[in-house]
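A.B. asks: My structure is below; once you've seen it, I'll send some questions.
The values are calculated or read from the model by the stated rules, or taken from the named source; none is laboratory data. Computed from a prediction, not measured in an experiment: that's the story for all the values here. Positions of Cβ are backbone-derived with ideal geometry, glycine not excepted, and every protein chain shown enters the neighbour counts.
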Amino acid sequence: MKGTHRQASGGWSLPELLLVLAIGMTLVAVMLQALLGDGRASQRLARVLRERIQQRRTLELVRADLLRAEVVDLPAQAWSGVASSCGLAGRRPALRLRTAQGLITYTQGEAPSAIWRGKVLMRCGPAYGLDGEPSSGDVQNRVLIDALPLSGFQVESLGPLWLRVRLVQEFQEPGGGRLRVALQQELASGG
C-alpha cells in the first residue's frame, strides 16, 4: 500500500454545511414565532386585565348607587316613555334608581362623541363630590365604559333586593379576531 495514502479531511463538506445552516435557520424561525406568539398573548392578557379593572370600577359605582336606592326600576316596555333627567339621545335605559339625592338612570347605546369605542354605558344622575358622596346639585351624564356590544349591560332581578348585573365588552384584535371580556356580579339594593 505504498502510494495510496489518504489524508483525513479537517472540515465539513458543502452539503453538510448547507444542512446545518437549514436546521439552524429552522430553529431560529421556530423560536422567533414562539417569541412573537408570547408577545401577542402577553398583550392580550394585559388588555383583558386592564378592561376587567375598568369593569369592576363600573360595577362598584352601580353597587354604590344601588345601595342608596329607595326604588329600583328595571326597563320594561311601559318604562320606555318615561323621561330621564338627561337626554337619552337614542340610548336604551337599562336601570333606573330613585335615591334621596335624585334619579339615577343607566343607559346604553351610541357614544356621545367619536372618542369612545363602539357603544357605551352612561350614568345620568347626581355627581359625586370630593367626599365620595352624591351631591344634591345638577345632574351629570357621563360615560362609564365603552366598547359594549348591543346588549353589553344587562340587569336581571333575582328577587326584591338582588340584581344580577352583566357587563360585556368586545374589541377588534390586530390580527382580525375579536376579544370578548365579560364580568357578572350579583348586587344587593338598599331599598
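A.B. asks: Say we look at region 106-115 and pick out the residues that are surrounded by fewer than 14 Cβ atoms within 10 Å (Cβ to Cβ) and of a type in the set (A, V, I, L, M); which of these is modelled with the lowest pLDDT?
C.D. replies: Once the filter is applied, the top-ranked residue is Ala114.
Rundown of residues vs (1) under 21 Å from Pro75 (Cβ atoms); (2) at pLDDT 95 or above; (3) surrounded by 15 or more Cβ atoms within 10 Å (Cβ to Cβ), yes/no style:
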| position | (1), (2), (3) |
| --- | --- |
| Arg96 | yes, no, yes |
| Arg117 | no, no, yes |
| Gly125 | yes, no, yes |
| Gly129 | no, no, no |
| Gly137 | no, no, no |
| Gly159 | yes, no, no |
| Leu187 | yes, no, yes |
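A.B. asks: From (1) in a strand (DSSP E or B); (2) over 30 Å from Gln43 (Cβ atoms), pick out the condition that doesn't hold for Pro75.
C.D. replies: Single failed check for Pro75: (1).
A.B. asks: Give me the residue from region 30-60 that is at pLDDT 90 or above, hydrophobic (A, V, I, L, M, F, W, C) and within 19 Å of Leu121 (Cβ to Cβ) and, out of that set, surrounded by the fewest Cβ atoms within 10 Å (Cβ to Cβ).
C.D. replies: My answer is Ile53.
A.B. asks: When you look at Tyr106, is it more than 23 Å from the chain's Cα centre (by Cα) and aromatic (Phe, Trp, Tyr), yes or no? Quick ask: steps written out before the conclusion?
C.D. replies: Numbers: more than 23 Å from the chain's Cα centre (by Cα): no; aromatic (Phe, Trp, Tyr): yes.
So Tyr106 fails the test.
A.B. asks: List pairs: first residue in region 143-162 and farther than 15 Å from Arg117 by Cβ, second residue assigned to a loop (DSSP other than H, G, I, E, B) and of a type outside the set (D, E, K, R) anywhere in the structure, Cβ distance under 7 angstrom, at least six positions apart or on different chains.
C.D. replies: Matching pairs, first to second residue: Val155/Leu74; Ser157/Leu74; Leu161/Ser189.
A.B. asks: Consider Arg63 carefully, then state whether it is surrounded by 13 or more Cβ atoms within 10 Å (Cβ to Cβ), assigned to a helix (DSSP H, G or I) and among the basic types (Lys, Arg).
C.D. replies: Judged against the criteria, Arg63 is a match.
A.B. asks: I want to confirm something. Restricting to region 61-94 and keeping residues that are among the basic types (Lys, Arg) and under 15 Å from Leu161 (Cβ atoms), which single residue is modelled with the highest pLDDT?
C.D. replies: Among those that are among the basic types (Lys, Arg) and under 15 Å from Leu161 (Cβ atoms), it is Arg63.
A.B. asks: Same structure again: Quick one: how many residues across region 161-185 are out of contact with any Lys or Arg (no Cβ under 8 Å at 6 or more places or on another chain), hydrophobic (A, V, I, L, M, F, W, C) and surrounded by fewer than 15 Cβ atoms within 10 Å (Cβ to Cβ)?
C.D. replies: Final tally of qualifying residues: 2.
A.B. asks: Test Gln185 against the criterion of being under 30 Å from Leu45 (Cβ atoms), among the polar types (S, T, N, Q) and in contact (Cβ under 8 Å) with a residue 60 or more places away in the chain, and give yes or no.
C.D. replies: yes
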